[in-house]
Ligand SMILES: *Cc1c(COP(=O)(O)O)cnc(C)c1O
């Protein structure tokens, strides 16, 4: 009892601790109130330790604890990580990383004022929608273009404008859930249009659509199935046949492409991903797609199509609620310029990852293994598959070389190892398959290689 009492009396006061130079450094970095709070927390912890039989810690220890607490607490909640999963476009991990040019554009536009809605030539109010219009027209061949906050918003806005209170005909095979609970039928309901399902899950023919048309029909909707494949006995109607049918009846066709790939995916060893150019050439009135999937830009919804439909969409009151932000617009313009200059595959991170040379991936893994081996951590290579992800190219993979760490080679369970990697200052996200921890270099930027090696060495200790 008396020992405990003596130890408690030895504890310094908050003011005593704040006199130390180490405390002063913390105050400069984190502010006085936050340091006082952290110091109080260390003292409270020390009292608990003493009451359970421990000794009074030295002041240095108390301050070190306060510092650890502050560093932890002041870490950004939303922060960068290293994606070693090999899934190139992963919604959970922030989808597409931006190009250097896109980042610079964001910084320049966001750190000061801009002509976001200002006509420089006239010195008058302008529209934020003019900045990427011409670029999108040039790249897709569209008559008109407008952008929103994301593709879900683009769909909601387009359907609300073009089909509210009327019927929208869609194939049963395209009533998909995209992820995060985004379901096509729900969005249609929110847009105030009535869903008319036609055909069957695996087969929908042109006469299924024709038979469903009535005087209440506003448009025919096609949706890219994105994250799944229906294989085997299947049949879908070509878009050109749908647009012909619709236009004969004075109706519209809207195509939700999901990813919206501006490049020819077949040139990268992938199957064909439909492009907005093709949908427009097939006669679609409105085509919408995401900015942060295969486009490789910021979160945005791109709407391209016929001048008349896009003009109506632009005037809808919901447009204001789903409008794009200036930082996004800056990043989007810079991203689209890479396509205009024909440098998308060398400047846009996701396209660099997609087109990474297999020999290069293998040689990086060999370097990783050598470096780990030098420190006594034994790993091996394993052939694997990277995936494009992001609701594009379902089932499509790219051959890669993985770093494989076998459970038998490390002293801690693999789940613990993966957790330690996730809980680092810069988390490293890996995957476990059977008894092996796997890292795919395709989605790891080369400048992150050193950090990955350090993380593996530290986490395996
Ligand atoms: C991803 C996707 C959406 C939603 O796009 P966001 O940009 O995430 O809002 C809509 N439709 C399809 C087919 C998709 O793949």
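Read-outs: derived from the displayed coordinates by stated rules, not from any lab. Being a predicted model, the structure only gives us computed values, none of them experimental. Cβ: placed from backbone, ideal geometry, glycine included. Neighbour counts: every protein chain shown.
Can you give me the orientation-averaged projected area of the convex hull built on the Cα atoms of the range 1-44, in nm²?
Convex hull of Cα atoms, orientation-averaged projection: 3.1 nm².
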Per residue and in cubic angstrom, what volume does the convex hull of the Cα atoms of the chain have?
-> 207
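Using 0.36 nm per residue, how much length does the chain from residue 314 to residue 91 gain when fully extended, once their Cα-Cα distance is taken away?
The residue 314-residue 91 span can extend by a further 77.5 nm.
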Label-point gap, in nm, between residue 8 and residue 272 - each point 7 angstrom along Cα→Cβ | 8.0
Stick to Cα atoms and the Kirkwood definition of Rh, then tell me Rg/Rh for the range 312-461.
-> 1.10
Coordinate range along principal axes, alpha carbons of the range 3-73, Å, largest first | 37, 22, 16
Model label zone, residue 103; criterion: amide N under 17 Å from point 7 Å along Cα-to-beta-carbon; scope the range 400-435 | 426-427
With Cα atoms, 0 to 90° folded angle of helix 59-73 axis to the chain main axis = 0
Long-range Cα-Cα pairs in the range 337-385 (distance over 15 Å), rounded percent = 59
Cα centroid distance between the range 122-137 and the range 409-461, in Å?
-> 46
Label point distance in nm, residue 211-residue 434, each placed 7 Å from Cα along Cα→Cβ = 5.0
Longest principal axis of the chain (C-alpha) makes with the long axis of helix 326-340 (C-alpha) an angle, in degrees to the nearest 10, of 60
Quickly estimate the mean residue ellipticity at 222 nm for the chain, helices only: each DSSP H run with n ≥ 4 gives -39500 (n - 2.57), and the total goes over all residues, rounded to 500.
-> -12500 deg cm²/dmol
Measuring from label point to label point, each 7 Å out along Cα→Cβ, what is the residue 383 to residue 367 span in nm?
-> 2.4
Measuring from the longest principal axis of the C-alpha atoms of the chain, the long axis of helix 32-51 (C-alpha) lies at a number of degrees, nearest 10, equal to 60
Any chance you could run the full-extension gain for residue 346 through residue 411? It's 0.36 nm times the residue separation minus the Cα-Cα distance, nm to one decimal.
-> 19.3 nm
Protection-proxy order for peptides 407-414, 136-143, 297-304, 148-155, each taking the mean of Cβ atoms within 10 Å per residue, highest first | 297-304, 148-155, 136-143, 407-414
By how many nm would the segment from residue 76 to residue 115 lengthen if fully extended, with 0.36 nm per residue of separation less the alpha-carbon distance?
-> 11.0 nm
Ranked output for segments 81-92, 47-58, 210-221 by mean other Cβ atoms within 10 Å, highest leading, reads 81-92, 210-221, 47-58
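How big is the convex hull of the Cα atoms of the range 266-335, per residue, in Å³?
Dividing the Cα hull volume of the range 266-335 by its residues yields 102 Å³.
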At the level of C-alpha centres, the distance separating the range 333-384 and the range 163-223, in angstrom, is 40
Quote the Stokes-Einstein diffusion coefficient, in whole µm² s⁻¹, for the range 98-345, based on the Kirkwood radius over alpha carbon pairs, a temperature of 4 °C and a viscosity of 1.567 mPa s.
-> 70
